[in-house]
Amino acid sequence: PVVVDNQLIDNDVGIDFQSATGSTILSNSVLGRSYWGIALWDGTAGSNVGDNSIAVDQDGITLDGLAIAPAVNTGNIVHDNSITGGTGGILIVNAQGNEVVGNDRDGGTRALSIGFGGWPNLVYWNNFAGWSHWGVWSDVGPVELSQAGQGNWWGHVCPELLFMQGVDSNRIDVADSYAYRMRDAWEFDFPPGCLPPVPDTDGDTIPDDW
């Protein structure tokens, strides 16, 4: 299945696939009073979900293998999407071996939610900022939200802690040990953490060479 370049407004579900394989969901706009912006349910595998713009009331992108006919979602890549507002950004339940990379999640109640059976997956190089309650809420642990020494940005800037276990997450065993200092830091070859320091001579919290 292919869903490309559509605008969907005020639907209960913007785009959903159940038990589908090899779907392409690219460059869509999903807006308004939706419970789910984009939902992949029950054994959906090998999907490419990218470059979508989502601003809905509830969850932005959902990988849920426990919806109707439980089966693990696997091999899906969720990348370069923009998700604003709503209660949840990206929700992962009964889904393993998926990749979540390069997404922007701004505002809302939670940035990332991990339900039962929702780990392990690859989650790195995402911007999670402006959430009101939790950066990540997880029903399982331990969880390490990085891949090969590459984590995410959680809205914090140096010299403060870039990810606080039990504060940015609801559990102390849910961590990002390689969190970044600024939005899209990896695109500028900045390493995770606050060392070495990057000059900010004008005090605007943005490195001078950004």
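Taking into account only those residues within the range 144-178 that are in contact with an Asp or Glu (Cβ under 7 Å, 6 or more places away or on another chain) and of a type outside the set (Ser, Thr, Tyr), which is nearest to Gly108 (Cα to Cα)? The selected residue is Trp154. With respect to the conditions (1) surrounded by 21 or more Cβ atoms within 10 Å (Cβ to Cβ); (2) over 15 Å from Arg110 (Cα atoms); (3) of a type outside the set (Asp, Glu); (4) touching a Ser or Thr at 6+ places or on another chain (Cβ under 8 Å), Val78 falls short on a single one, namely (4). For the range 98-131, residues that are within 20 Å of Met164 (Cβ to Cβ), open to solvent by less than 10 Å² (accessible area, probe 1.4 Å) and assigned to a loop (DSSP other than H, G, I, E, B) total 1. Sub-8 Å Cβ pairs linking a first residue in the range 62-75 that is in contact (Cβ under 8 Å) with a residue 40 or more places away in the chain and within 16 Å of Leu122 (Cα to Cα) to a second residue that is open to solvent by 40 Å² or more (accessible area, probe 1.4 Å) and in a loop (DSSP other than H, G, I, E, B), at least 6 apart or interchain, are Val72/Gln96, ordered by first then second residue. Among the residues of the range 163-185, the one identified as of a type in the set (Val, Ile, Thr) and in contact with a strand residue (DSSP E or B) (Cβ under 7 Å, 6 or more places away or on another chain) is Val174.
All of (1) open to solvent by 40 Å² or more (accessible area, probe 1.4 Å); (2) among the hydrophobic types (A, V, I, L, M, F, W, C); (3) at pLDDT 95 or above hold for Trp153 with one exception: (1).
Considering Gly193, Gly135, the condition of being over 19 Å from the mean Cα position of the chain (by Cα), at pLDDT 95 or above and of a type outside the set (S, T, N, Q) is satisfied by Gly193 alone. Among the residues of the range 171-185, the ones that are over 16 Å from Gly102 (Cβ atoms) and either in contact with a helix residue (DSSP H, G or I) (Cβ under 8 Å, 6 or more places away or on another chain) or not hydrophobic (A, V, I, L, M, F, W, C) (or both) come to 4 in all. Taking the numbered list (1) more than 30 Å from Phe163 (Cα to Cα); (2) open to solvent by less than 40 Å² (accessible area, probe 1.4 Å); (3) not small (Gly, Ala, Ser) in turn, Ile68 passes all entries but (2).
The values are calculated or read from the model by the stated rules, or taken from the named source; none is laboratory data. The structure presented is a predicted model; accordingly, all values stated were derived computationally and were not measured. Because the Cβ atoms are built from the backbone with ideal geometry, glycine has one as well, and the counts that use them run over all protein chains shown. Accessible surface is based on the protein model in full, side chains and every heavy atom, while ligands, DNA and RNA are left aside. Shrake-Rupley method; radii C 1.70, N 1.55, O 1.52, S 1.80 Å.
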